[in-house]
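Q: Just passing along the structure, written as structure tokens.
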Amino acid sequence: MRFLIILSALMLGAETIAQARETLEEAAAFARQLVNSVSIGNMATVYPADHASLAGEPFSLQEYYARHVIIESIPRSTAYTGSDLTATIRSCHVNGSLTLLFLPISRHSQNVLLSPTHAASVSVWSDRPAASRPRVSLIGNVTVFPVLEETPDREAIQACYVAQHPDARWWLPGPREPHIAYWARFDPHSVYYVGGFGSEHFIGNIPLEMYQNASFPDHATEVGVGGRVLVTQD
């Protein structure tokens with residue numbers, strides 16, 4: 001009898017924990033909102049196989065990126081495009097891809113270019129990192145646009161990027177940059193999310209399509225599962 005009581009208590013506890021966990025759909029929304037709440041992450045790449053001393057070793061460093069935002073009435077001086085942009089612009093990529101400023105002088109860029117698949121990962125965490133708080137890793141590849149004039153939606157992504165990183169206007173691709181620079185796009189193909197502790201939050205892979213289509217607020221703070229606050233997007 002005592003065994004049955006203990007077993008029932010364990011089963012009830014397991015059911016309570018299962019009910020408290022984030023669903024896969026909620027985790028996808030949290031992951032997407034987390035990436036969209038900031039514009040600086042940690043990029044990881046791998047040294048090429050023919051590197052003299054660090055072949056195959058991982059390399060990780062801070063990296064600027066631009067995520068999807070809504071930009072309204074961007075003046076010419078801010079957009080830095082050479083033409084007035086006063087209409088509302090939705091950019092950079094609504095599907096969760098990220099815009100990068102690609103400088104071949106950087107170690108990350110060299111590793112990406114020498115990777116057969118242009119592989120990289122971008123990790124983002126909450127503004128107050130802790131074991132109980134969410135973080136996400138996007139694993140994917142980088143597409144570089146070496147011809148400035150052939151960059152898809154160049155004016156829009158440039159306006160988007162500068163709106164999120166005003167200091168970058170000094171090294172944008174073009175005739176005036178201090179180093180050679182190109183626009184690039186990071187396309188994730190795998191999403192790994194840690195919501196916090198596994199007894200309460202989702203931990204694991206999120207299907208790419210679900211991540212890309214996740215619904216999240218652009219300009220609002222909302223309370224999510226378990227009373228957690230979705231970070232307001234600036």
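Q: Using θ = phi - 60° and the Karplus form 6.51 cos²θ - 1.76 cosθ + 1.60, what ³J(HN,Hα) does each residue of the range 133-144 get, whole Hz, x for Gly and Pro?
A: 10, x, 8, 9, 10, 9, 10, x, 9, 10, 9, 9
Q: May I ask you to evaluate 6.51 cos²θ - 1.76 cosθ + 1.60, the Karplus curve with θ = phi - 60°, for each residue of the range 55-60 and list the ³J(HN,Hα) values in order in whole Hz, giving x for glycine and proline?
A: 4, x, 7, x, 9, 9
Q: Could you sort the peptides 119-128, 51-60, 146-155 by per-residue average Cβ neighbour count (10 Å cutoff), highest mean leading? Please report the intermediate quantities before stating the final value.
A: Numbers: 119-128: 17.2, 51-60: 10.6, 146-155: 12.7.
In decreasing order of mean packing, 119-128, 51-60, 146-155 become 119-128, 146-155, 51-60.
Q: Given a Förster distance of 30 Å, report the FRET efficiency between Trp170 and Ser190 from their Cβ-Cβ distance, rounded to the nearest 0.05. All intermediate terms of the calculation are to be shown ahead of the outcome.
A: Working: r = 34 Å, r/R0 = 1.13.
Working from the Cβ atoms, E equals 0.30.
Q: Hey, can you grab everything whose amide H is under 5 Å from the amide H of Ile203? Only 5+ residues off in sequence or another chain; H modelled, so Pro and N-termini drop out.
A: Gly195
Q: Another question about this same structure. Describe numerically, in nm with one decimal, the distance between label points set 7 Å from Cα along Cα→Cβ at Glu209 and at Phe197.
A: About 3.6 nm separates the two model spin labels.
Q: Among Pro207, Pro175, Gly195, whose Cα sits farthest toward the positive end of the charge dipole of the range 166-217 (+1 at Cβ of Lys/Arg, -1 at Cβ of Asp/Glu, about the Cα centre)?
A: Ranked along the dipole, the leading option is Pro175.
Q: What are the residues whose amide H is under 5 Å from the amide H of Leu101, where those residues sit 5 or more places off or on another chain and H is modelled from the backbone?
A: HN-HN under 5 Å from Leu101: empty list.
Q: What does the charge count near Thr117 come to, summing +1 for each Lys or Arg and -1 for each Asp or Glu among other residues with Cβ under 15 Å from its Cβ?
A: On the way: positive: Arg185; negative: Asp187.
Charge balance in the 15 Å sphere: 0.
Q: Then there's this: Using θ = phi - 60° and the Karplus curve 6.51 cos²θ - 1.76 cosθ + 1.60, what whole-Hz ³J(HN,Hα) does each residue of the range 37-48 get, with Gly and Pro shown as x?
A: Values per residue, Gly and Pro as x: 8, 9, 9, 10, x, 10, 9, 10, 9, 10, 4, x Hz.
A short reminder: the numbers here are calculations on the coordinates, not readings from a lab. Predicted model only: the values in this text are computed from it and were never measured. For neighbour counting, all protein chains shown are included, and Cβ atoms are generated from backbone atoms with ideal geometry for every residue, glycine included.
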